Amino acid sequence: MTAIRIDEQASKSERTYRWIRERIISRDFNPGYRLVLGTIAKELGVSTVPVREAVRRLEAEGLIEFERNIGARVAMVDASEYIDTMQTLGVLEGAATALALSRMSEADLDRAEAINEQMRALLDHFEPTVFTALNEKFHRALVHRCPNPHIADLVDRGWNRLSGLRSSTFSFVPERAPLSVAEHEHILTLIRENADPVEIEMAVRHHKWRTVEAYRGQTGAPSTVSP
């Protein structure tokens, strides 16, 4: 009986976590939105216990923050946090892609290439939110076979954090869109030609960092890496 109750509690916590996270990612809950635990619990038909557990998980992922006298709220958008997240994700994705190379199949590469072609097709009638979603799918297609679960988890957390900070990266740097497609094509070529894993890792890392530099150019922040 105790085991069943634990399983039920875990299921409620997971369902609550996904419910809140989806609303943060979709911007139904905007940055600064106050999360009232009792209200959420009532809406989902659960106690406040799974809500607290879900909020703690989302706080660990950086999607929720606590403020004195206010409580839990959706993390505020911060330009420096966005830059830090992008730089970190560049390092992690580079490593994850390099580690995944020996496990990648032609089907994986074909799928990534097909996604990149979808991105290319959007360039004439640009939709930044759709383009950003496809960009994430492209990179996840390359890292999903990473054999290191810790790095894979950190990559996943990075994308989740990025989604909470910016619904569309390319709304801020639309000029990066065609360059991003070309860089994706270059990365795929390196992989298909069995280039040195370090070269592939650096190509993925600097691909992400070039977007950071473009964003810095928009905000006037000083550059820290070569374009």
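The values are calculated or read from the model by the stated rules, or taken from the named source; none is laboratory data. None of these values were measured; they are calculated from a predicted model. Every residue, glycine among them, receives a Cβ derived from its backbone with ideal geometry; neighbour counts consider all protein chains shown. Just so you know, the surface numbers come from the protein's heavy atoms only, side chains and all, with ligands and any DNA or RNA stripped out. Shrake-Rupley method; radii C 1.70, N 1.55, O 1.52, S 1.80 Å.
Which of (1) under 20 Å from E213 (Cα atoms); (2) free of Cβ contacts under 8 Å to residues at least 12 places away in the same chain; (3) in a loop (DSSP other than H, G, I, E, B) is the odd one out, the single condition P174 does not satisfy?
So P174 meets the others, but not (2).
So, in the range 82-134, of the ones that are surrounded by 16 or more Cβ atoms within 10 Å (Cβ to Cβ) and among the aromatic types (F, W, Y), which residue ends up farthest from W159 (Cα to Cα)?
Top of the filtered list is F131.
How about the range 67-119: which of its residues are of a type in the set (A, V, I, L, M, F, W, C), within 17 Å of the chain's Cα centre (by Cα) and not in a helix (DSSP H, G or I)?
V74, A75, M76, V77
Can L179 be described as in a helix (DSSP H, G or I), under 20 Å from Y82 (Cβ atoms), of a type outside the set (V, I, T) and more than 16 Å from the chain's Cα centre (by Cα)?
yes
Regarding F131, is this residue modelled with pLDDT under 95 and either assigned to a loop (DSSP other than H, G, I, E, B) or over 24 Å from I64 (Cα atoms) (or both)?
yes
In the range 38-70, what residues are open to solvent by less than 40 Å² (accessible area, probe 1.4 Å) and at negative phi?
Hits for the range 38-70 are I40, A41, L44, V46, P50, V51, A54, V55, L58, E61, L63, I64.
Here are some residues: R18, R27, R23. Which one is under 18 Å from the mean Cα position of the chain (by Cα), not aromatic (F, W, Y) and not in a helix (DSSP H, G or I)?
From the options R18, R27, R23, the qualifying one is R27.
So, in the range 96-127, how many residues would count as being touching a helix residue (DSSP H, G or I) at 6+ places or on another chain (Cβ under 8 Å) and farther than 25 Å from R176 by Cβ?
Selection size over the range 96-127: 3.
Is it the case that the range 169-189 has a residue that's surrounded by fewer than 20 Cβ atoms within 10 Å (Cβ to Cβ), closer than 19 Å to L89 by Cβ and polar (S, T, N, Q)?
For the range 169-189, residues surrounded by fewer than 20 Cβ atoms within 10 Å (Cβ to Cβ), closer than 19 Å to L89 by Cβ and polar (S, T, N, Q): present.
When you go through R161, R145, R73, R166 one by one, which is the residue that is at pLDDT 90 or above and open to solvent by 10 Å² or more (accessible area, probe 1.4 Å)?
R145
Considering only the range 28-37, state which residues are open to solvent by 50 Å² or more (accessible area, probe 1.4 Å) and within 13 Å of I64 (Cα to Cα). Spell out how you get there, then give the answer.
At the first step, the residues of the range 28-37 found to be open to solvent by 50 Å² or more (accessible area, probe 1.4 Å) are 28, 30, 33-34, 36.
Hits for the range 28-37 are N30, Y33, R34, V36.
Output the residues belonging to the range 42-66 that are modelled with pLDDT of 90 or more and either assigned to a loop (DSSP other than H, G, I, E, B) or of a type in the set (V, I, T) (or both).
Answer for the range 42-66, where residues must be modelled with pLDDT of 90 or more and either assigned to a loop (DSSP other than H, G, I, E, B) or of a type in the set (V, I, T) (or both): G45, V46, S47, T48, V49, V51, V55.
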